Amino acid sequence: MSKKNIEECVRESLQGYFRDLGGEAPDGMYDMLVRLVEKPLLEVVMTHADNNQSRAAEWLGLNRNTLRKKLVEHRLL
């Protein structure tokens, strides 16, 4: 069983995304990628922090209010 790091997984997914575009130009990739990565990141961190926003914010290196805003944006609250 091979272990892939997150960077390798993202790289492979992006290569697949470009293959699936079939030569079409991508649009808004940065925002799309941040949105797609941020939600599962917040879900997993909040689970491991037992839904303690202060702890999760500290682990993420975010202000607690910023974390709360992001949780609301992703409908995780």
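The values are calculated or read from the model by the stated rules, or taken from the named source; none is laboratory data. Note that the structure is a prediction, hence the values are computed from the model and not measured. Note that each Cβ is placed from the backbone with ideal geometry, even for glycine, and that neighbours are counted across all protein chains shown. When the accessible area is computed, the model is the full protein with side chains, heavy atoms only, and any ligands, DNA or RNA have been set aside. Shrake-Rupley method; radii C 1.70, N 1.55, O 1.52, S 1.80 Å.
A Cα-only calculation for the chain places Rg and Dmax at 15.4, 45 Å. Solvent exposure of the chain, expressed per residue, is 82 Å² of accessible area, with all protein chains present and a 1.4 angstrom probe. A full extension of the chain between ARG68 and LYS39 corresponds to an added length of 9.2 nm, given 0.36 nm per residue minus the alpha carbon distance.
Lysine pairs in the chain whose alpha-carbon atoms fall under 26 angstrom of each other, counting only those eight or more residues apart or on distinct chains, come to 4.
Between ASP27 and ILE6, the simple label model (points 7 Å from Cα in the Cβ direction) yields a spacing of 3.0 nm.
Among the trypsin sites (Lys or Arg not before Pro) found in the chain, those both in a DSSP coil and sparsely packed, with 12 or fewer other Cβ atoms within 10 Å of their Cβ, are LYS3, LYS4, ARG75. Here is the list for the chain: GluC sites (Glu not before Pro) lying in DSSP coil, each with at most 10 other C-beta atoms within 10 angstrom of its C-beta, are GLU24.
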